[in-house]
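Since the structure comes first, as structure tokens, the remarks are kept for the end.
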Amino acid sequence: MLLIISSHRDDSIHVVLPKLRERGVPLLWWDEADYPGASTLTTSCLDGRWRQVLTYRGERYDLSKVSAVWDRRPDRPSALEVPEPSQRAFAEHTAKIAVTGAYDLMVGARWMPAPPQHAAAVDNKLLHLYRAAELGLTVADTVVTNDPEVLVPLWNRAGGRMITKSLGFHPFTLDGEARHLFTATVPRRRLTGRHRLRHGPAILQPNLPKAYELRVTVVGEQVFAARIDSQTSRLTAVDWRHYDDTKVGYAAYDLPPDIADRCVRLVAGLGLTFGALDFIVTPDGRYVFLELNVNGQWAFVELRTGMPISDAIADWLTSATSWGASARPDLKDSADAH
């Protein structure tokens, strides 16, 4: 049985579902937001035997039968039926502990990208840069600091061409609106406000010249590289995630074998089976590693380039076992409900 753990709003799951159905995979698509309010999870050790049963939409699932897990982007456990906010928070906190423990006990399953606690432990941009450099990938000069006194010397060292970005994603609001920090340049005028750096560390790097950028998706040992012509639009020149698809081209890219091999080794060395890596290719042909996204988006790459990433994901998930031999008639395919 394949267990997919992700939000019901995750369009990437819908891209892979037809491929899984073609392969005859019994599966359950479940979101942590359905627990504890809309499902039950019972983990027990009775007479020395461990058992875990998930009940969802009237069906019971023996988690010992799970051979592979795709942990994509689940929402957090939800106990909305508990009216008092502090009690609801307590219920959701204990639910998260219970579900995390259940995952830890699923030792017979293979995970994409990794069991959640491990994926969270290695989801660190500094660690990724360090490991990439160890493998011989080129990385940009990088400083992570909250010391305002180092900003001006670093800015001068970069010849006035510096970018800053956050260490990770965390939602926040500004003037009542949800915001997200993109990579941004540091113009001279921002140096006067450098004291604000004291309140939170940031990544500081030189703004390297770009010929184009690459999004490299690793699935197991398969590598799919996409060229992003980010420099054809001012909107995407610093951070291609601003998107300008009327001007910016995407194309499948033939990555040099040594770079592709290092990408696979970087992902595997972190204990992951999936990773989305970002590179700059400079005008003089250097490949500069920027970061690794442990559970990064990939469906847009397939849509724009035609590369069969969804097939690779489906193949990896279904290669965990012989599905024809292990399929059980009492396992309900709940994907049709979503």
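At-a-glance table
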| read-out | value |
| --- | --- |
| Enumeration of residues in the stretch 148-167 that are open to solvent by less than 50 Å² (accessible area, probe 1.4 Å) and not aromatic (Phe, Trp, Tyr) | Pro148, Val150, Leu151, Val152, Leu154, Ala158, Gly160, Met162, Ile163, Thr164, Lys165, Ser166 |
| Restricting the stretch 286-303 to residues that are closer than 20 Å to Ala133 by Cα and in contact (Cβ under 8 Å) with a residue 40 or more places away in the chain, the residue that is most open to solvent (accessible area, probe 1.4 Å) | Arg286 |
| Enumeration of residues in the stretch 213-236 that are open to solvent by 30 Å² or more (accessible area, probe 1.4 Å) and either assigned to a loop (DSSP other than H, G, I, E, B) or at pLDDT below 95 (or both) | Glu221, Asp229, Gln231, Thr232, Arg234, Leu235 |
| Any chance Arg194 is in contact with a Pro (Cβ under 8 Å, 6 or more places away or on another chain) and farther than 24 Å from Asn295 by Cβ | yes |
| Residue count for the stretch 87-126, restricted to those that are of a type in the set (Val, Ile, Thr), assigned to a helix (DSSP H, G or I) and without any contact (Cβ under 8 Å) to a residue 12 or more places away in the chain | 2 |
| Residue in the stretch 143-150 that is under 29 Å from the mean Cα position of the chain (by Cα), at pLDDT 85 or above and not in a strand (DSSP E or B) present | yes |
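The values are calculated or read from the model by the stated rules, or taken from the named source; none is laboratory data. This one's a predicted model, so the numbers in the text were calculated from it and none came from an experiment. Note that we place each Cβ from the backbone using ideal geometry, even for glycine, and neighbour counts take in every protein chain shown. Remember, those area values only see protein heavy atoms, side chains included, never the ligands or the DNA or RNA. Shrake-Rupley method; radii C 1.70, N 1.55, O 1.52, S 1.80 Å.
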